[in-house]
Amino acid sequence: MCEVPALGSTEGMSIPSSAEPDDALETIPVQDGIVVDLLDKWRSATARLEEGDDVDTRWARGSAVKLLLQHMAVRESAKNAVTEALRAKGEDQLADRLDGDGIARREAMDRLDKKVRGRQAISLNFPEVDEAVAELGRYFDAEHDDELRDLLPAAERVLGPLEERDLPSARQVRLTSTTHPSPVPKWYDRATPLRAVRAWYQHLRGTPTGGTSPAVDEGREHLPGPGR
């Protein structure tokens, strides 16, 4: 079970505050909560390192960076599925609002992916990574309150209850969660098998994930594979 911090009202949404998501729509608030927690951990570790160097803190901080990218990838995959479903219903304006500044956000993910690829967590404590994390965090911070308060309840009203909305499952979302998403979706982004292969390869090339990931990300499923 993924515990989601209280990040504003989710009134009107069927997903509870603590739940294992069933589909793409339910995945977004779960991932929002996890990303908030990881950014808080990264920022808290940053403040501790400003007071003095500590190896354990650098490991934890670098692990938070690795996991941030992976969870942002799952969130991006879920947002893509929901916005496609909204457009199929003729709700282009709501889809655009939910996507937000999608091109810039995906470009920021790409920049962070290039900085962390194949590096150990302890090696991710330098200014170029800090800038990439801070940039991605700014895009996320500008989006998640509106998602939880307004956009996700509106999407649920349009798409209907779980059994009616025909969205990819939470497992399918993870399977297609690329850490290097196309800023503007390409034809191969609409081919689920190709997206799954790309996601597997991109997560694989991001290893090692981090020396302290169990402590930072305990009990959370984020890799593109079957759930627990």
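The values are calculated or read from the model by the stated rules, or taken from the named source; none is laboratory data. Computed from a predicted model, the values in this text were never measured in an experiment. We place every Cβ from the backbone using ideal geometry, glycine too, and count neighbours over all the protein chains shown.
Return the residue satisfying two criteria in turn: it lies in the stretch 165-194 and is aliphatic (A, V, I, L, M) and at pLDDT 70 or above, and of such residues it is surrounded by the most Cβ atoms within 10 Å (Cβ to Cβ).
Applying the first criterion (aliphatic (A, V, I, L, M)) to the stretch 165-194 yields 167, 170, 173, 175, 184, 191, 194.
Pick out the ones that are also at pLDDT 70 or above and you get 167, 170, 173, 175.
Values: Leu167: 22, Ala170: 23, Val173: 30, Leu175: 22.
By that ranking, first place goes to Val173.
Just to be sure, is Ala88 over 16 Å from the mean Cα position of the chain (by Cα) and surrounded by 20 or more Cβ atoms within 10 Å (Cβ to Cβ)?
Numbers: over 16 Å from the mean Cα position of the chain (by Cα): yes; surrounded by 20 or more Cβ atoms within 10 Å (Cβ to Cβ): no.
No.
Name the single residue, out of those in the stretch 51-70 being in contact (Cβ under 8 Å) with a residue 40 or more places away in the chain and surrounded by fewer than 22 Cβ atoms within 10 Å (Cβ to Cβ), that is nearest to Ala134 (Cα to Cα).
Our first condition is that a residue be in contact (Cβ under 8 Å) with a residue 40 or more places away in the chain; within the stretch 51-70, this holds for 55-56, 58-70.
Retained after the next criterion (residues that are surrounded by fewer than 22 Cβ atoms within 10 Å (Cβ to Cβ)): 55-56, 58.
Working: Val55: 22, Asp56: 21, Arg58: 17 Å.
Here the answer is Arg58.
Do you know which of the residues in the stretch 108-158 that are among the β-branched types (Val, Ile, Thr) and under 18 Å from Pro181 (Cβ atoms) is farthest from the chain's Cα centre (by Cα)?
Filtering the stretch 108-158 for residues among the β-branched types (Val, Ile, Thr) gives 116, 122, 129, 133, 158.
Checking the rest, the ones that are also under 18 Å from Pro181 (Cβ atoms) come to 116, 133.
On the way: Val116: 16, Val133: 13 Å.
Within the stretch 108-158, the match that is farthest from the chain's Cα centre (by Cα) is Val116.
Give the residues of the stretch 137-167 that are under 18 Å from Val35 (Cα atoms) and either aromatic (Phe, Trp, Tyr) or in contact with a strand residue (DSSP E or B) (Cβ under 9 Å, 6 or more places away or on another chain) (or both), sorted by residue number.
Tyr139, Phe140
From Leu151, Leu167, which residue is in a helix (DSSP H, G or I), more than 15 Å from Gln70 (Cα to Cα) and either without any contact (Cβ under 8 Å) to a residue 60 or more places away in the chain or out of contact with any Lys or Arg (no Cβ under 8 Å at 6 or more places or on another chain) (or both)?
The conditions single out Leu151.
Working only within the stretch 18-42, note down all residues that are without any contact (Cβ under 8 Å) to a residue 40 or more places away in the chain and more than 13 Å from the chain's Cα centre (by Cα).
Ser18, Ala19, Asp40
With the structure loaded, tell me whether Gly100 is closer than 30 Å to Val158 by Cβ, exposed (fewer than 15 other Cβ atoms within 10 Å of the Cβ) and either among the small types (Gly, Ala, Ser) or touching a residue at least 12 places away in the same chain (Cβ under 8 Å) (or both) or whether it fails that test. Quick ask: steps written out before the conclusion?
Numbers: closer than 30 Å to Val158 by Cβ: yes; exposed (fewer than 15 other Cβ atoms within 10 Å of the Cβ): no; either among the small types (Gly, Ala, Ser) or touching a residue at least 12 places away in the same chain (Cβ under 8 Å) (or both): yes.
No, not satisfied.
Go through the stretch 71-95 and count every residue that is touching a residue at least 12 places away in the same chain (Cβ under 8 Å), assigned to a helix (DSSP H, G or I) and of a type outside the set (Ser, Thr, Tyr). Talk me through it step by step, then tell me what you get.
So the first thing to find is which residues in the stretch 71-95 are touching a residue at least 12 places away in the same chain (Cβ under 8 Å), and the list is 71-83, 85-86, 89, 91, 94-95.
If we keep only those that are assigned to a helix (DSSP H, G or I) as well, we get 71-83, 85-86, 94-95.
Then drop every residue that is not of a type outside the set (Ser, Thr, Tyr), which leaves 71-76, 78-82, 85-86, 94-95.
Matching residues across the stretch 71-95 total 15.
Here is a list: Pro168, Pro127. Which entry is of a type outside the set (Ser, Thr, Tyr) and farther than 19 Å from Gln31 by Cβ? Working first, answer last.
On the way: Pro168 fails: farther than 19 Å from Gln31 by Cβ.
From the options Pro168, Pro127, the qualifying one is Pro127.
When residues of the stretch 96-130 are filtered for being closer than 29 Å to Ala60 by Cα and part of a helix (DSSP H, G or I), how many remain? Full working, then the answer.
Here is the first cut: in the stretch 96-130, the ones closer than 29 Å to Ala60 by Cα are 102, 104-130.
Within this subset, residues satisfying the condition of being part of a helix (DSSP H, G or I) are 102, 104-116, 121-123, 127-130.
Final tally of qualifying residues: 21.
Going through Arg138, Arg157 one at a time, which residue ends up being closer than 14 Å to Met72 by Cα and in a helix (DSSP H, G or I)?
On the way: Arg157 fails: closer than 14 Å to Met72 by Cα.
Unique residue meeting the criteria: Arg138.
Has the stretch 40-50 got at least one residue that is at pLDDT 90 or above, within 18 Å of Asp145 (Cα to Cα) and surrounded by fewer than 23 Cβ atoms within 10 Å (Cβ to Cβ)? It would help to see each step written out before you state the result.
Just the residues of the stretch 40-50 that are at pLDDT 90 or above, to begin with: 40-49.
From what is left, the residues that are within 18 Å of Asp145 (Cα to Cα) are 40.
Next, only the ones that are surrounded by fewer than 23 Cβ atoms within 10 Å (Cβ to Cβ) stay: 40.
Among the residues of the stretch 40-50, at least one is at pLDDT 90 or above, within 18 Å of Asp145 (Cα to Cα) and surrounded by fewer than 23 Cβ atoms within 10 Å (Cβ to Cβ), which makes the answer yes.
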